Every structure is written in C-alpha cells, then in structure tokens.
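**Q** Once you've had a glance at the structure underneath, I'll fire off some questions.
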Amino acid sequence: MDLQAAKSSWFKPRAFSIIWGKDGRYWHVPTDGRPAELLQASWLEVSTITSLKDSIEAGKKYAISFRLQMKQGAFGWNGCSVYLMGKIGQAGKYTAKKIKLSDQAEIDKEFETEKLEVTVATDATDMKLYFGLYEVWTGR
C-alpha cells in the first residue's frame with residue numbers, strides 16, 4: 001500500500017460495507033475470509049473506513065487497489081466502468097480512478113485493479129483511510 005516503503009495492508013471482505021451484502025440474492029460473503037462474490041448487481045458499492053494512524057505518515061503517498069475476478073457467465077460489464085475512490089481523513093478530498101473491468105479481466109483469473117494514489121496532507125491529523133469500489137450509474 002505504501003508507495004515509498006513497500007508496506008501493505010490487506011482487508012478481507014467482512015471489513016467492508018457492501019451495499020446489499022446481507023442479501024443472498026446479490027452477494028455471497030463467506031465467513032472464513034474467502035473473497036466475496038457478487039451474484040447480481042443493481043448497485044455496486046463496496047467501501048470501508050479504517051484508522052491507519054500508526055501506519056501512515058503525513059506528506060507521503062500511498063496506493064490502493066482491489067483484487068478481483070470475473071467468473072464465467074459474468075454479464076453486463078462490457079462498456080461499464082467502476083470507480084476506485086479513496087481519501088485520507090473525513091475532510092480529505094476524494095481521488096478517483098475509472099476502471100473498465102472488461103478491459104482488464106480474463107474470465108476466471110484473479111487480477112489487481114490499477115492502483116489509486118492518495119496523498120496524506122502534510123498537516124493531516126485525521127489518519128483514517130476512506131476507500132471503496134463503486135459503480136456510478138449515469139443513465140447513458
């Protein structure tokens with residue numbers, strides 16, 4: 001996660017707030033830490049907030065990414081984008097990266113999304129990391 005010191009943190013599925021995550025029609029979220037499985041989507045929002053006060057430093061840059069896999073039979077993602085978004089601190093400003101899943105994914109092969117870079121402000125005191133993966137529907 002840290003671009004400058006090669007430190008990393010991993011978050012298992014239960015660490016995230018998953019919209020419709022408790023509804024078995026939409027998600028399968030194992031209790032043993034295995035990856036969460038999106039069964040069908042009407043709204044994609046997977047996010048978390050975590051305190052990193054002992055892990056990050058003001059003025060440094062960090063990278064965020066997700067590990068994903070498109071299963072055989074996945075449909076509806078051609079031409080659709082998801083957004084990887086993150087910020088440091090509640091008052092921080094989100095940065096975002098547009099990701100086209102259909103451009104990156106081989107069926108049944110795990111891949112890591114492009115990395116999103118977030119910078120900790122030099123005067124930051126709130127060291128909470130806010131990040132997530134979102135589908136933003138525009139109606140176009």
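The values are calculated or read from the model by the stated rules, or taken from the named source; none is laboratory data. Keep in mind the model is a prediction, meaning the values are calculated, not measured. When we count neighbours, we look across all protein chains shown, and the Cβ atoms used for this are built from the backbone with ideal geometry, even at glycine.
**Q** How many residues are at pLDDT below 75 and touching a Lys or Arg at 6+ places or on another chain (Cβ under 8 Å) when one looks only at the stretch 19-32?
**A** Total meeting the criteria: 0.
**Q** Still on this structure, I have one more. Pairs only if they're at least six apart or on different chains, beta carbon under 6 angstrom, first in the stretch 76-95 and modelled with pLDDT of 90 or more, second in a loop (DSSP other than H, G, I, E, B) and hydroxyl-bearing (Ser, Thr, Tyr); list them, first residue then second.
**A** Cβ pairs passing all conditions: LEU84/THR113; MET85/TYR94; LYS87/TYR94.
**Q** Does VAL136 meet the test of being of a type outside the set (Gly, Ala, Ser), assigned to a strand (DSSP E or B) and at pLDDT below 90?
**A** Spelling it out, it is not the case that VAL136 is of a type outside the set (Gly, Ala, Ser), assigned to a strand (DSSP E or B) and at pLDDT below 90.
**Q** Restricted to the stretch 112-131, and to residues that are of a type in the set (Asp, Glu) and assigned to a loop (DSSP other than H, G, I, E, B), which residue is farthest from THR50 (Cα to Cα)? Let's see the steps before the verdict.
**A** So the first thing to find is which residues in the stretch 112-131 are of a type in the set (Asp, Glu), and the list is 112, 114, 117, 123, 126.
Going one step further and asking which of them are assigned to a loop (DSSP other than H, G, I, E, B), we end up with 114, 123, 126.
Numbers: GLU114: 21, ASP123: 19, ASP126: 11 Å.
Only one residue tops the list, namely GLU114.
**Q** When only residues in the stretch 59-95 that are among the aliphatic types (A, V, I, L, M) and within 17 Å of the chain's Cα centre (by Cα) count, which is farthest from MET127 (Cα to Cα)?
**A** Only one residue fits best here, namely MET70.
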